[in-house]
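Each value in this text was obtained by applying a stated rule to the coordinates, not by laboratory testing. On a predicted model such as this, the values are computed, not experimentally measured, just so you know. We place every Cβ from the backbone using ideal geometry, glycine too, and count neighbours over all the protein chains shown.
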Amino acid sequence: MVTEKDEPVFPIGVAAKILGVNPRTLKIYEQEGLVKPVKKGNKRYFSYNDIEWLKCLRSFIHEEGISLAGIKKLLELTPCWDIKNCPEEVRKNCTAYRDRTRPCWQLINSACKKMEKCETCEIYLRDKAHLLRKDPSR
């Protein structure tokens, strides 16, 4: 279910203006897997939640001095339920929460898999892209 804050309403130029950055900066964040705007044709659209995340991201970079590589590593180490803000009632039934040895999409009884959310989950898509880049047969 898409909430109002998840609705992609800001074109890249507007999002860049709100954040005080060049649109190219947002494309770099996208290429690095740190944000996933909705694409409609050749245009990118950002949600209110994307804007808030990008403000946080920029704060990590400019106020905390964390590099893009450092942010990506921190996100790899952060459990999916923290990033997605899964409620406790969802987490307690999720094998990814109970078995933290593998990502949620590799577990048969994960809450996300039951809801068929993997294909749209930014954590799944980020890790899938990362694995494809590491695979020498591709």
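Numbers below:
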{"item": "Simple label model, 7 Å out from Cα along Cβ direction - GLN31 to ASN85, nm", "result": "3.1 nm"}
{"item": "Ordering of 43-54, 15-26 by packing [mean C-beta count within 10 Å, highest first]", "result": "43-54, 15-26"}
{"item": "Cα gyration tensor shape for segment 31-78, rounded if a/c is under 1.5, else prolate or oblate", "result": "prolate"}
{"item": "Net length gained if the chain between SER67 and VAL38 were fully extended (0.36 nm per residue, minus Cα distance)", "result": "8.0 nm"}
{"item": "Calculated FRET efficiency for the pair GLU7/GLU76, C-beta based, R₀ 41 Å, to 0.05", "result": "0.90"}
